[in-house]
Amino acid sequence: MRKLGVGAISVFLVLFLSFAAYAGGAKEPSAAAGAAPQTKLEIFSWWTAGGEAEGLNALYDVYHKQYPNVEIINATVAGGAGTNAKAVLSTRLTGGDPPDAFQLHAGLEVEKYEPARYLEPLDSLYASEGLDKAFPKDLLTLLQYKGHYWGVPANIHRANVMWYNKKLFADNNLKPPKTWDEFFKVADVFKAKGIIPLVVGAKEGWEAGHTFETILISVLGADGYRGLWNGSTKWADSRVTKALETFKKLVPYVNTDYSALTWDQALQYLIDNKGAMHIMGDWADGWFTSKSYTGYGWQPVPGTAGIYDALSDSFAVPKGARDGANAVNWLKVVGSKAGQEAFNPKKGSIPARTDCSPALFNAYLQSAMKDWASDAIVPSVVHGAAAVEKWATIYKDIMNTFVTKGDVAATQMALEQAARENSGV
Ligand code: GAL
């Protein structure tokens, strides 16, 4: 954590105490009264897909048990990775119409929302709730921006997972590929049989960037990949060229309707035994679970074993939230053991807290918990951790163009330029 000066600390304390006083001032209606909801809580997120919605509802249930007379307004804006939600949120924050709490990725994404101006710092809440001891160190570091905590994490997700249809692999006597060379061999077999080797849904504009960040990790390793975002690896590096060439080679193995499908629509190909593999974050595990589908296997994206491409969903509270007291209580529920144990098995993520019971989680999530504890952790760029939003957006746009144009040299130059122009922000 960056050290704060005494002045900064007192300014922050005054700000937080006035917020807490405001928050404490709103009366919590008593459960015994049994009356209709008297206060509200508007929660803003992009969780509408299978698994996402179930997880969020489970968290709402925990909140309702503790605060039965608060009416929750589920303000969702659909679109994976916050594609549409983030823009709506920005407009609401700058327009003076903030929700009470909103979904925020841990990491540099918070820069987009000008936290010093629009968000409540949460350092005191971390101290009073013991949150600074509840989460792993790597995550606590990621959660700090300009010396403050701005969100309370609900989970940890892994982006570099390759999901596969177990039956299709067994029927064809194939093993899930551990390297890209193995991948292309297996893919040729599936293709010859009319099975889509790699299922992709890229309708929302973030999915190509997601796939490519996992390929970058496979070619550059944990340190090399981290270096792309902190300046110690050059984007002109020949390994970036190799990663682009690998990505380009994947395209002919993908379903032709990829640009018409969202990530979850694409996953249906796996359930229908029409597609063999899919690269996606472990919200796919939540989606499979919501469909009661158990025919899937998993492993790290080829070449990324031992590396955990991580992101975390947190909730933040804007300054001037209408229902500040309810919002602070929401953050307490989000960060609590009960909240995380209810939410994560459905969401397909591992708890951010270290004291949750693994027995509540399915086999995939238990394996993810073990990997998190031993793997090298790297930050996801598409999901807010590695770079400021402006850079992440340009990166995504460049990768979308690459999928259609396939120009390796031009793409690498564009990526270099994006880093030059945005890395110092
Ligand atoms: C990520 C988010 C996940 C999941 C996914 C797809 O950015 O962190 O919780 O919702 O998008 O929407």
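The values are calculated or read from the model by the stated rules, or taken from the named source; none is laboratory data. These numbers come from a predicted model, not from an experiment. Glycine gets a Cβ as well: all are built from the backbone with ideal geometry, and neighbour counts include every protein chain shown. Surface accessibility is based on the protein's heavy atoms, side chains included, excluding ligands, DNA and RNA. Shrake-Rupley method; radii C 1.70, N 1.55, O 1.52, S 1.80 Å.
List of remarks:
- Measuring r between the beta carbons of Asn230 and Arg117 and using R0 = 25 Å, the FRET efficiency lands at 0.45.
- Per residue, the accessible area of the stretch 88-162 comes to 33 Å², computed with a 1.4 Å probe over protein heavy atoms only.
- Residue list for the stretch 345-378, given a label point 7 angstrom along the Cα-to-Cβ vector of Lys166 and an amide N cut-off under 20 Å: 345-349, 359-371
- Only protein heavy atoms count here; under a 1.4 Å probe, Lys166 has an accessible surface of about 100 Å².
- Difference of contour (0.36 nm per residue) and Cα-Cα distance, Thr76 to Ala338: 92.0 nm
- The orientation-averaged projection of the convex hull spanning the C-alpha atoms of the chain amounts to 20.4 square nanometres.
- Considering every alpha-carbon pair of the stretch 233-386, the percent of pairs per 5 Å bin, from zero through the bin containing the longest distance, is 2, 7, 13, 17, 18, 16, 12, 8, 6, 2, 0.
- Calculated mean residue ellipticity at 222 nm for the chain: -15000 deg cm²/dmol, from DSSP H runs with n ≥ 4 weighted as -39500 (n - 2.57), summed, divided by the residue count and rounded to 500.
- Surface share of carbon and sulfur [accessible, 1.4 angstrom probe, percent] for the chain: 55 percent
- The smallest convex shape that holds all Cα atoms of the stretch 117-177, its convex hull, gives 144 Å³ per residue.
- For the stretch 76-119: rounded, prolate or oblate by the Cα gyration tensor [a/c cutoff 1.5]: oblate
- For the stretch 176-193, the residues whose backbone nitrogen is under 11 Å from a point 7 Å from the Cα of Ala305, taken along Cα to Cβ, are 177-179.
- Gain on full stretching of the segment that runs from Ala409 to Ala87 - 0.36 nm per residue minus C-alpha separation: 112.8 nm
- Using θ = phi - 60° and Karplus 6.51 cos²θ - 1.76 cosθ + 1.60, couplings along the stretch 111-120 (whole Hz; Gly, Pro as x): 3, 4, 9, 6, x, 4, 8, 10, 10, 7
- Site pair Lys274 and Asn57 shows an inter-label distance of 2.7 nm when each label is modelled 7 Å from Cα along Cα→Cβ.
- Kirkwood Rh, Cα atoms: Rg over Rh of the stretch 352-393: 1.13
- Exposure ranking of Ser357, Ser128 by accessible area [1.4 Å probe, largest first]: Ser128, Ser357
- Distant-in-sequence amide contacts of Ala101, defined by a placed amide H-H separation under 5 Å and a gap of 5 or more residues or a different chain, comprise Glu42, Phe44.
- Three-way shape call for the stretch 165-290 based on the alpha-carbon gyration tensor, with the a/c threshold at 1.5: prolate
- Magnitude of the charge dipole for the stretch 309-425, about its Cα centre and with charges confined to Cβ atoms of Lys, Arg (+1) and Asp, Glu (-1), is about 420 debye.
- The modelled label-to-label distance for the pair His64/Asp132, using points 7 Å beyond Cα in the direction of Cβ, is 3.6 nm.
- When peptides 47-55, 135-143 are ranked by their average number of other Cβ atoms within 10 Å per residue, the highest-first order is 47-55, 135-143.
- Under 5 Å, built H, 5+ apart or other chain: amide partners of Met162: Gln299, Val301
- Residues with amide H under 5 Å from that of Ser312, placed H, sequence gap 5 or more: Ala106, His157
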